[in-house]
1. Take Pro21 and tell me if it is assigned to a loop (DSSP other than H, G, I, E, B) and at pLDDT below 90.
2. Of everything in region 82-104, what is under 15 Å from Tyr31 (Cα atoms) and among the aliphatic types (A, V, I, L, M)? Give them in sequence order.
3. Limited to region 72-84, what total is found for residues that are more than 11 Å from the chain's Cα centre (by Cα) and more than 14 Å from Ser114 (Cβ to Cβ)?
4. Consider Ser28 carefully, then state whether it is among the polar types (S, T, N, Q), touching an Asp or Glu at 6+ places or on another chain (Cβ under 9 Å), within 22 Å of Gly101 (Cβ to Cβ) and modelled with pLDDT of 75 or more.
5. Any idea how many residues of region 99-118 are assigned to a loop (DSSP other than H, G, I, E, B), loosely packed, with under 14 Cβ neighbours inside 10 Å and touching a residue at least 24 places away in the same chain (Cβ under 8 Å)?
6. Would you please list the contacts, defined by Cβ atoms under 7 Å and residues six or more apart or on different chains, that run from a residue in region 34-58 that is in a loop (DSSP other than H, G, I, E, B) to a residue that is of a type in the set (Phe, Trp, Tyr) and modelled with pLDDT of 90 or more?
7. Hey, among Val96, Val81, which residue is in contact (Cβ under 8 Å) with a residue 24 or more places away in the chain and part of a strand (DSSP E or B)?
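The values are calculated or read from the model by the stated rules, or taken from the named source; none is laboratory data. This structure is a prediction, so every number in the text was calculated from the model and none was measured. Positions of Cβ are generated from backbone atoms using ideal geometry, with glycine treated the same way; all protein chains shown enter the neighbour counts.
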Amino acid sequence: MAKDRRPDAGSAVVIPLEGLPKRGRVRSVGYVEAITILPVGQAPSFSAVLTSTGPGDRATEAGVQQRPARIRLIWLGQRRVPGIDAGIRLGFEGTVFEVDGLPTMYNPRYEIQSLLEN
């Protein structure tokens, strides 16, 4: 029987974006805040920046708005990844490390999740 390797599979612990290590293999979930599509003249690459807060959520503490945790996911060789657009909830898994001060993951496994899923 095949092992379930989806980002929401029960075998691995889901780490909140605020708790991501500087480097290592992780499984997490976030909301797509922005996507980047490169021009045709450049090598194909598609990226999405995910945050810990969903659309319409506000991270506040003592009345002061806090910047939510973020991670950049990059798919090399892809001009577009179907289904990934701003506002969706995305479970993902892969190796994270910092690039330009932002946690980054290349070619992650991912699963588009409905807002009703936990």
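1. no
2. Ile84, Ala86, Ile88, Leu90
3. Matching residues across region 72-84 total 8.
4. yes
5. Residues flagged as assigned to a loop (DSSP other than H, G, I, E, B), loosely packed, with under 14 Cβ neighbours inside 10 Å and touching a residue at least 24 places away in the same chain (Cβ under 8 Å) within region 99-118 amount to 4.
6. Every condition considered, the pairs that remain are Thr53/Tyr31; Gly54/Tyr31; Pro55/Tyr31.
7. Just one listed residue meets the conditions, Val96.
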